[in-house]
1. Say we look at the stretch 48-81 and pick out the residues that are out of contact with any helix residue (DSSP H, G or I) (no Cβ under 8 Å at 6 or more places or on another chain) and modelled with pLDDT of 80 or more; which of these is farthest from residue 408 (Cα to Cα)?
2. Give the stretch 28-40 a look and list any residue that's surrounded by fewer than 24 Cβ atoms within 10 Å (Cβ to Cβ) and assigned to a helix (DSSP H, G or I), or say none.
3. Taking the stretch 287-304 as the region of interest, how many residues are outside any loop (DSSP other than H, G, I, E, B) and out of contact with any Leu (no Cβ under 7 Å at 6 or more places or on another chain)?
4. On the basis of being of a type in the set (Val, Ile, Thr), within 12 Å of residue 328 (Cβ to Cβ) and either touching a His at 6+ places or on another chain (Cβ under 8 Å) or surrounded by fewer than 24 Cβ atoms within 10 Å (Cβ to Cβ) (or both), does residue 108 make the cut?
5. Assigned by TED's automatic domain parsing to the domain that holds residue 236, under 25 Å from residue 270 (Cβ atoms) and touching a Gly at 6+ places or on another chain (Cβ under 9 Å): does that describe residue 77?
6. How many residues does the stretch 343-364 hold that are of a type in the set (Gly, Ala, Ser) and modelled with pLDDT under 85?
7. If you go through the stretch 87-105, how many residues are among the hydroxyl-bearing types (Ser, Thr, Tyr) and surrounded by fewer than 24 Cβ atoms within 10 Å (Cβ to Cβ)?
Amino acid sequence: MLVLASMTAPSAPAEASTSPDEERHRLTALEGLAALSLDALSSVAYGPQAIMIVLATAGLVALHTYTLPVTLAIVLLLTVLVISYRQVIAAFPTGGGAYAVAKAHLGVKPSLIAAASLVVDYILNAAVGVSAGVKALTSAFPALYPDRVWLCLGVLGVITGANLWGVAESARLFIAPTLLFIAAIFAVVLGGLLRSHPLPFPQGTTSSIGTVGILLLLRAFASGCSALTGVEAIANAVPEFRQPRFRRAQHTEMGLGIILGLMLIGIAVVIQKFHVKPSGTVTALAQITEGSLGHNFVFYAIQLITTILLALAANTSFGGLPVLASLLASDNFLPHLFYLRAQRQVHRYGVVVLAVFAAALLVASSGNTQALVPLFAIGVFVGFTLSQAGMVRHWREQAGPGWHGRAVINGVGALFTLAALAIELISKFTKGAWLVVIVVPALVAMFWQIHKIYARIGSALQIGQTPEPPVRRTSLVVVPVAGMSKLVREGISTALSLGDEVVAVTVCFADEEDHQADDRLRQQWEDWHPDVPLLTLHSSGRSLGPPLVKYLRELEKEARRDELVVLIPEVQPAKPWQWILHNQRGFVLEQAIQHGTQNVVICRLRYRLSTVASADSSGSG
């Protein structure tokens with residue numbers, strides 16, 4: 001469809017039937033948690049610490065007094081988001097999350113802003129997750145630090161390969177580390193709650209006296225909201241789930257909200273109980289792990305599991321962005337190849353493009369997580385805000401029982417996420433967030449330009465309209481030949497079946513050897529007598545294109561025929577690497593004709609050697 005249609009939310013989502021084999025390559029609820037929630041779950045390794053770093057500027061009293069209340073506010077927003085995205089999943093079972101909601105209820109441009117913001121966030125999430133995991137690894141093994149970029153690219157390559165293998169298959173690989181990480185965090189929290197003695201303060205320069213204002217609390221809240229990135233990924237990837245798709249996606253969203261909320265609150269309680277403060281060398285999670293379980297084998301095991309989960313958090317992007325790109329492609333805002341699925345239900349073009357851009361960011365930042373963090377999470381707050389605002393309008397338009405309460409929840413969520421977005425953008429603007437302000441409008445402009453191109457193509461081809469009755473047209477088929485072969489026979493045979501008139505042409509260069517070759521070809525042609533004339537085009541240079549283009553232009557001027565077709569027979573290699581063994585004559589002629597003529601139809605007929613051989617044997621028999 002080349003005209004963007006308004007997307008309305010179905011009251012009872014219908015799901016297209018798929019074969020059992022296709023369903024096998026889609027996600028269960030548990031696999032969805034492993035494939036699409038790693039970003040959000042692993043954020044407990046840095047979300048609480050982000051709150052502490054901001055509050056510590058006001059002193060230890062502020063740090064130990066307000067860490068838990070700020071965390072509870074974030075969990076409250078998490079609850080609102082989970083409830084909202086469960087409703088988004090039910091209303092938009094084709095996926096798309098903020099993009100689908102904004103397109104249906106806020107208009108095309110807001111939906112493109114949401115999509116562009118999510119694209120930026122997904123790419124950044126992939127790069128940040130990989131670099132953070134490698135950073136944890138190089139912290140344990142400093143000798144690997146000089147090779148951190150190659151390590152980042154290696155980890156990214158493994159995750160990309162797993163997702164090209166299959167969405168469900170990659171999810172199954174991540175189930176075990178995901179469950180281990182969840183169990184490890186709850187073990188730390190439970191151990192901390194049962195432990196009676198507090199941790200001693202790590203060495204640092206944090207002041208003990210300071211003033212706590214509303215702006216400082218808002219900054220701590222906005223920084224801690226980085227733990228909410230990835231909450232929308234499940235709503236974006238509903239089509240990846242098994243039937244009933246939206247029910248499984250809703251269960252996964254709810255499971256994510258409960259687990260993430262409990263982990264955040266538990267960690268905040270233990271931080272407050274142990275009087276932990278930020279350290280430049282030891283993470284808050286490492287501090288409470290040591291205080292809860294001791295500095296032993298379990299401590300190192302949990303650090304290793306955290307490292308793996310941070311690296312695998314990039315997989316959330318591979319589950320969400322390709323589906324979002326496919327929706328944009330179906331609406332003609334991205335090239336249609338992003339809509340295609342390969343075997344095992346993989347949007348391989350979206351996977352590859354995500355991997356390429358994430359790799360470019362890793363190389364550009366030298367694998368430094370801190371160089372990417374200022375850009376992180378801003379895009380997802382744009383999507384959160386637009387999604388919440390769109391759902392307010394959704395409830396108002398539906399006007400069903402209890403819609404006022406649902407609209408209030410989404411309205412409050414929109415205000416919270418908008419405030420967090422403003423604070424994040426202002427506080428991080430000079431640290432690199434200004435790039436997001438440039439990249440998001442640039443992506444929106446690109447989406448819109450692609451849409452305009454597809455609209456022009458649709459108008460020219462009258463797609464969707466009933467065409468005029470077909471008419472028989474006179475045609476001349478020109479077949480370029482370079483020498484006698486079975487391939488020439490196949491080309492002439494096809495041309496005779498296509499056109500009213502057929503002519504073969506060959507190009508002769510100026511030197512004597514070529515003239516002799518032309519004479520031999522002409523003698524062979526006469527002996528063959530295919531009832532098709534052979535025309536020799538002379539060229540003073542050594543190129544095939546110009547003389548053929550000159551001849552075709554003369555035919556165009558004659559205007560004696562309705563269609564002028566150039567049929568180029570060529571060999572289809574049996575294996576991809578064998579392309580290098582051929583002279584690419586068809587490609588050279590095609591490029592010359594495309595740029596040198598206006599109304600010539602080009603037809604490149606590729607024949608497998610086995611096909612030509614079998615045709616020859618059947619013809620001779």
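The values are calculated or read from the model by the stated rules, or taken from the named source; none is laboratory data. The shown structure was predicted, so the numbers you read here are calculated from the model rather than taken from an experiment. We place every Cβ from the backbone using ideal geometry, glycine too, and count neighbours over all the protein chains shown.
1. If we take residues in the stretch 48-81 being out of contact with any helix residue (DSSP H, G or I) (no Cβ under 8 Å at 6 or more places or on another chain) and modelled with pLDDT of 80 or more, then 65 is farthest from residue 408 (Cα to Cα).
2. Passing the criteria: 29, 30.
3. So the answer is 12.
4. When the stated conditions are applied, residue 108 passes them.
5. Criteria met by residue 77.
6. Residues in the stretch 343-364 being of a type in the set (Gly, Ala, Ser) and modelled with pLDDT under 85: 1 in total.
7. Summing the residues that are among the hydroxyl-bearing types (Ser, Thr, Tyr) and surrounded by fewer than 24 Cβ atoms within 10 Å (Cβ to Cβ) in the stretch 87-105 gives 1.
Table: residues versus (1) under 25 Å from residue 114 (Cα atoms); (2) without any contact (Cβ under 8 Å) to a residue 40 or more places away in the chain; (3) among the aliphatic types (A, V, I, L, M).
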residue: 229; (1), (2), (3): yes, no, no
residue: 232; (1), (2), (3): yes, no, no
residue: 238; (1), (2), (3): yes, no, yes
residue: 242; (1), (2), (3): no, no, no
residue: 288; (1), (2), (3): no, no, yes
residue: 308; (1), (2), (3): no, no, yes
residue: 323; (1), (2), (3): yes, no, yes
